[in-house]
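Below is one structure, written out as C-alpha cells, with a few remarks after it.
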Amino acid sequence: MIHILLILSSLFTFSTHAAVQDFCVADLKGPESPSGYSCKPVAMVTVADFVSSGLALAGNTSNIIKAAVTPAFAAQLPGVNGLGISIARLDLAAGGVVPMHTHPGGSELLLVTQGSITAGFISSANAVYVKTLKKGDIMVFPQGLLHFQVNAGGVTSVAFASFSSATPGLQILDFALFANDLSSKLVEATTFLDDATVKKLKAVLGGTG
Ligand SMILES: *[C@@H]1O[C@H](CO)[C@@H](O)[C@H](O)[C@H]1NC(C)=O
C-alpha cells in the first residue's frame, strides 16, 4: 500500500513538474515589450481573461472615415498575450474607408460578414492585389504591406479581421506622412509633393512643422 502511494505521489510530482506553461495572460499593469506583456500570476487568472463580448457591438462610425475598428488585442483580451493571435471587428458605414495602412506586427485575415468591401494591398514590388469581397469572402493581407478597405455596398458593411499577432500594431500612411512634426521642407523632399499640397495635408491631418 505504501509502495503504491509512493508511486502515485512520484507520478503526481512528475506531472506537475513536467507541465508546460499553458498561457501567459497579459499583466496589463506592467509595460509592453516587443515580446508582449509579462505574465499575470496563474492564481490570479480567471475565465474573464480569455473572453470578450466587445465585438458583439457595432463600433461608432460617426467620424471622418465613417469606419470603426474594435480590437480584441492583448490590451483588450489579455489571454491572447504570447499566443501570436488576435481579432478585431470592422464596421464600415456607407462611404466608409479604412485608409491605406500597415500592421508592422502581423498578417491579417479579413472575413466579411455583412455587406460588401473593396479591399487590396500593395506588394513591395508595387504589384496591386485588389478585390471586391462579399459576405462570406475572406482575404489575407501579408505582414507589413500597405493595404486598405473601402465600403462597396452602399450599406453598412461588417467584417472581422484576425491577426497573427497579439499586438499587430497600426500605422496609417497619411497620418505617418502628414500628421507628424517633420518640417514641410523635409516632407516635400522625401515625398516629391509640392509645398502647397504638403501644407494643406498637414493642416487637414493635424501635423505641425
Ligand atoms: C458616436 O460618435 C459621435 C462623434 O464622436 C458622437 O457624437 C455620438 O454621440 C456617438 N454615438 C454613440 C451612439 O455613441
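The values are calculated or read from the model by the stated rules, or taken from the named source; none is laboratory data. The structure displayed is predicted, hence computed values, not measured ones. Counting neighbours? That spans all protein chains shown, and the Cβs are built from the backbone with ideal geometry, glycine included.
Residue-by-condition table, conditions (1) farther than 29 Å from VAL42 by Cα; (2) crowded, with 17+ Cβ neighbours inside 10 Å:
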position	(1), (2)
ASN63	yes, no
ALA72	no, yes
HIS103	yes, yes
THR113	yes, no
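Looking only at segment 77-91, filter to residues that are of a type in the set (A, V, I, L, M, F, W, C) and not in a helix (DSSP H, G or I); which one of those is farthest from the ligand (Cβ to nearest atom)? Let's see the steps before the verdict.
Going residue by residue through segment 77-91, those that are of a type in the set (A, V, I, L, M, F, W, C) are 77, 80, 83, 85, 87-88, 90.
Still in the list and also not in a helix (DSSP H, G or I): 77, 83, 85, 87-88, 90.
On the way: LEU77: 22, LEU83: 31, ILE85: 29, ILE87: 22, ALA88: 18, LEU90: 16 Å.
Per the criteria, the residue is LEU83.
At pLDDT 95 or above and not charged (D, E, K, R): is that true of LEU205 in this structure?
Working: at pLDDT 95 or above: no; not charged (D, E, K, R): yes.
No; evaluated as a whole, the condition is false for this residue.
Let's see how each residue does on (1) on the phi > 0 side of the Ramachandran plot; (2) in contact (Cβ under 8 Å) with a residue 24 or more places away in the chain; (3) assigned by TED's automatic domain parsing to the domain that holds SER157; (4) within 16 Å of the ligand (Cβ to nearest atom):
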site	(1), (2), (3), (4)
SER33	no, no, no, no
TYR37	no, yes, no, no
VAL42	no, no, no, no
SER53	no, no, no, no
ALA58	no, yes, no, yes
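Would you check which residues across segment 175-193 are within 18 Å of the chain's Cα centre (by Cα) and in contact (Cβ under 8 Å) with a residue 12 or more places away in the chain and list them?
To start, the set of residues in segment 175-193 that are within 18 Å of the chain's Cα centre (by Cα) comprises 175-176.
Hit for segment 175-193 is PHE175, nothing else.
Hey, does segment 105-126 have a residue that's away from the ligand (no atom under 16 Å from the Cβ), in contact with a helix residue (DSSP H, G or I) (Cβ under 9 Å, 6 or more places away or on another chain) and of a type outside the set (Phe, Trp, Tyr)? Let's see the steps before the verdict.
Of the residues in segment 105-126, the ones away from the ligand (no atom under 16 Å from the Cβ) are 105-126.
Adding the requirement that they be in contact with a helix residue (DSSP H, G or I) (Cβ under 9 Å, 6 or more places away or on another chain) leaves none.
Among the residues of segment 105-126, not one is away from the ligand (no atom under 16 Å from the Cβ), in contact with a helix residue (DSSP H, G or I) (Cβ under 9 Å, 6 or more places away or on another chain) and of a type outside the set (Phe, Trp, Tyr), which makes the answer no.
Under the condition of being in a loop (DSSP other than H, G, I, E, B) and in contact with a strand residue (DSSP E or B) (Cβ under 7 Å, 6 or more places away or on another chain), which residue from segment 67-76 is nearest to the ligand (Cβ to nearest atom)? Break it down into steps so the answer makes sense when it comes.
Going through segment 67-76, the residues in a loop (DSSP other than H, G, I, E, B) turn out to be 73-76.
Keeping just the survivors that are in contact with a strand residue (DSSP E or B) (Cβ under 7 Å, 6 or more places away or on another chain) gives 73-74.
On the way: PHE73: 21, ALA74: 25 Å.
Checking each candidate, the answer is PHE73.
When the residues of segment 92-107 are filtered to those that are in contact with a Gly (Cβ under 7 Å, 6 or more places away or on another chain) and not in a strand (DSSP E or B), which remaining residue is farthest from SER33 (Cα to Cα)? Give the steps one after another, and end with the answer.
Just the residues of segment 92-107 that are in contact with a Gly (Cβ under 7 Å, 6 or more places away or on another chain), to begin with: 94, 102-105.
So of that shortlist, the ones also not in a strand (DSSP E or B) come out as 94, 103-105.
Details: ALA94: 38, HIS103: 17, PRO104: 15, GLY105: 13 Å.
The extreme case among them is ALA94.
Being of a type in the set (Gly, Ala, Ser) and under 21 Å from the mean Cα position of the chain (by Cα) is the filter; apply it to segment 118-141 and report the residue that is farthest from HIS103 (Cα to Cα). Write out each step before concluding.
Here is the first cut: in segment 118-141, the ones of a type in the set (Gly, Ala, Ser) are 119-120, 123-125, 127, 136.
Next cut, under 21 Å from the mean Cα position of the chain (by Cα) only: 119-120, 123-124, 136.
Numbers: ALA119: 15, GLY120: 14, SER123: 14, SER124: 14, GLY136: 23 Å.
Restricting to residues being of a type in the set (Gly, Ala, Ser) and under 21 Å from the mean Cα position of the chain (by Cα), the top hit is GLY136.
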